[in-house]
Each structure stands twice: as C-alpha cells, then as structure tokens.
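Input: a single structure, listed below in structure tokens.
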Amino acid sequence: MRLVRIFLMLLCAVSLPALCQTQQDAYPDSRQERELKACGAPEKGVSYNVLSDTSAHPSGTQTADKALVYIFRPHHSLASFQSKVAVDGEWRGVNVSGTYFFLTLEPGLHYFCSEAKSRSLLIFTAEAGETYYIEQQVIFKPHSPVHNLFLLSEADSKSTLALTALSTWSLSTGKVE
C-alpha cells in the first residue's frame, strides 16, 4: 500500500507541470520551428526602403499594460546592408548601421527574428510596464557576416542607443530580400 502511495505521488508530481502548460507556453523543439514562429513563412517576406532621421531622437512611450522594446544596430563602417526584424512571425521594422526603432508588445512570450545576410533568433518573455533593449550585432567573417541578437540591460544600452539615429522605412515594391 505504501508503494502505491509513493507511485501516485510521483506520478502527480511528474504530470502536474504538463497539465498546467498551455499551447501558448509550448516551446518549439527544433530550430526550424522556432525560426518559423519568429520569422514567419518565407512567402511573408518583405523588402524595405530605409532612411535614418538624424533630426530627432524620439523615445517610446511606456505604458503600464505593454512592454516597450528598443531594437538598435550600432554603427559599423562596413555594414551598409539592412537588418530586418520580425516579431512572432510578422515583419515589424528594419535597421541599417547606426539606427534604432522601438515598438510595444503585449506581455508574454515573444519570438524575435533578425535577418540580414543570415538569421538570428531571440526568444524571451516580455512583462507589462518593462522596457527592453535588443542589439542587432554584426560580426564580419571572410565570406559573410554573422548576425546576432542580444537582450541587454538599460545600463549596457543607453550610451550606444544615444549614438544611433531613428530608422524610418517604407515597404519596397522591389524583390523580397
């Protein structure tokens, strides 16, 4: 009888987390599944015409019910190509060297995709009323640059963000990059 009780307690302890997990909380297993959640389907690709606005350096407005996210790409003299950003499968903006933009998100788990000459993914849980800073980092390799996304603290981001210009863009009618 004691063995049955121990078995039932172990079964409950192991099963409870699985029963509490919702479909939205499920974390995709493969890189391909995570990339699809972050970047969206290939046919949803976009191409942008990008400008930078050096006349102002606006900040996003923080609200209590949403997360504010700054996405920036530090200046690098060799990096003239675009770095597009998708969140949860929808393309939301683009940076070039030395630019930034910001957006607001509902609280919860979010999948970020940054695409330039390669793709980089970042997955994190955003909380309402919080501000997040994401750096698009480009490292130059002999054949193609490597593209990374990093979630940084405010202290690590402020000085770099201050040196960037606001990224503005329009959708291009040309081919999808």
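Read-outs: derived from the displayed coordinates by stated rules, not from any lab. These figures come from a predicted structure and were not determined experimentally. Cβ atoms come from the backbone with ideal geometry, glycine included; neighbour counts cover every protein chain shown.
The mean sequence distance of close C-alpha pairs (under 8 Å, at least 6 residues apart), as a share of the length of the range 67-177, puts its relative contact order at 30 percent. Taking every lysine pair in the range 26-171 that is 8 or more places apart or spans two chains, those with Cα atoms closer than 24 Å amount to 11. Take the Cα of residue 63, step 7 Å toward its Cβ, do the same at residue 151, and the gap between the two points is 2.2 nm.
Taking one quarter of the surface of the convex hull spanned by the alpha-carbon atoms of the range 26-171 gives a direction-averaged projected area of 9.1 nm².
Each Lys or Arg adds one and each Asp or Glu takes one away; over the other residues whose Cβ falls under 11 Å from the Cβ of residue 161, this sums to -1. Here the calculated FRET efficiency for residue 162 and residue 31, from their Cβ-Cβ distance with R0 = 41 Å, stands at 0.75, rounded to the nearest 0.05.
When 146, 50, 138 are sorted by how many other C-beta atoms sit within 10 angstrom of their C-beta, beginning with the fewest, the order is 146, 50, 138. Per-residue Karplus couplings for the range 35-41, computed as 6.51 cos²θ - 1.76 cosθ + 1.60 with θ equal to phi - 60°, are listed in order as 5, 5, 5, 7, 8, x, 5 Hz, Gly and Pro entered as x. A simple spin-label model places pseudo-atoms 7 Å from Cα toward Cβ; at residue 41 and residue 54 they are separated by 4.2 nm.
Among 46, 69, 85, the ranking by other beta carbons within 10 Å of each residue's beta carbon, starting with the fewest, stands as 46, 69, 85.
May I ask for log10 I(q)/I(0) of the range 47-88 at q = 0.15, 0.24, 0.29 Å⁻¹, from a Debye sum over the Cα atoms as equal point scatterers with solvent left out? Results for the range 47-88 at q = 0.15, 0.24, 0.29 Å⁻¹ read -0.58, -1.18, -1.28.
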